[in-house]
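Written out below as structure tokens is the structure these notes cover.
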Amino acid sequence: MPDIFLISGVKADEMPLPLTTEASIFSDGTVRYVVPWTFTVPCRKRSESDSWECQVVFQSWNKPADEIALSPIEEFLDAEEYNGDLQWSVQSVSADRLITNVRNEADKSRLIFTLVLTKNVSEA
């Protein structure tokens with residue numbers, strides 16, 4: 001089981017046991033690991049805007065980047081797929097891959113999702 005953790009969270013439900021998750025292994029060596037998980041991440045208000053920016057950051061704690069490379073399933077992410085909350089609307093979503101470079105540690109693979117949200121205005 002990959003040792004992938006949410007490192008930007010404020011609050012997270014306990015990650016489900018590996019027995020309740022599914023992983024697909026493809027002929028090119030790609031592993032798609034799907035975990036239903038609820039968590040809370042910090043957001044910051046964007047200057048001179050009514051929108052907020054939230055980052056969801058995942059990283060492997062033990063495996064070096066040359067052993068595990070995190071990447072999004074799709075190259076382009078559609079913000080509409082993330083809408084469904086009555087209070088917030090997702091305006092955009094993006095994903096970036098990063099290799100950390102920390103002194104005296106092995107480089108780690110990191111996946112960063114950035115969501116831009118706006119608060120829905122209730123109509124009376």
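The values are calculated or read from the model by the stated rules, or taken from the named source; none is laboratory data. Keep in mind the model is a prediction, meaning the values are calculated, not measured. Using ideal geometry, Cβ is built from the backbone for each residue, glycine included, and neighbour counts are taken over all protein chains shown.
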Problem - Selection within segment 59-77 - under 28 Å from S92 (Cα atoms) and touching a residue at least 60 places away in the same chain (Cβ under 8 Å) - result: I68, L70
Fill in the blank from the handout: Residue set L111, L115, L98; condition in contact with a helix residue (DSSP H, G or I) (Cβ under 9 Å, 6 or more places away or on another chain), of a type outside the set (G, A, S), at pLDDT 85 or above and outside any loop (DSSP other than H, G, I, E, B); output residue L115
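Which of the residues belonging to segment 12-29 are modelled with pLDDT of 80 or more and assigned to a loop (DSSP other than H, G, I, E, B)? Give the steps one after another, and end with the answer.
In the first step, residues of segment 12-29 are kept if they are modelled with pLDDT of 80 or more; the result is 24-29.
Answer for segment 12-29, where residues must be modelled with pLDDT of 80 or more and assigned to a loop (DSSP other than H, G, I, E, B): F26, S27, D28, G29.
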Practice task
Go through (1) in contact with a Gly (Cβ under 6 Å, 6 or more places away or on another chain); (2) surrounded by fewer than 10 Cβ atoms within 10 Å (Cβ to Cβ); (3) of a type in the set (V, I, T) and name the single condition V41 misses.
Solution key: (2)
Fill in the blank from the handout: When every residue in segment 44-71 that is over 18 Å from L6 (Cα atoms) and part of a loop (DSSP other than H, G, I, E, B) is compared, the one modelled with the lowest pLDDT is E48
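Tell me the residue from S89, S47, S51 that is without any contact (Cβ under 8 Å) to a residue 12 or more places away in the chain and more than 30 Å from D28 (Cα to Cα), please.
Details: S89 fails: without any contact (Cβ under 8 Å) to a residue 12 or more places away in the chain; S51 fails: without any contact (Cβ under 8 Å) to a residue 12 or more places away in the chain.
When all the criteria are applied, what remains is S47.
Are any residues in segment 47-102 among the aromatic types (F, W, Y) and surrounded by 16 or more Cβ atoms within 10 Å (Cβ to Cβ), and if so, which ones? Steps first, answer last, please.
Narrowing segment 47-102 to residues among the aromatic types (F, W, Y): 52, 58, 61, 76, 82, 88.
Of everything in segment 47-102, those that are among the aromatic types (F, W, Y) and surrounded by 16 or more Cβ atoms within 10 Å (Cβ to Cβ) turn out to be W52, F58, Y82, W88.
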Practice task
Return a yes/no flag: does segment 105-121 have any residue that is exposed (fewer than 15 other Cβ atoms within 10 Å of the Cβ) and touching a Leu at 6+ places or on another chain (Cβ under 9 Å).
Solution key: yes
Problem - Of the criteria (1) under 21 Å from P42 (Cα atoms); (2) modelled with pLDDT of 85 or more, which one L86 fails - result: (2)
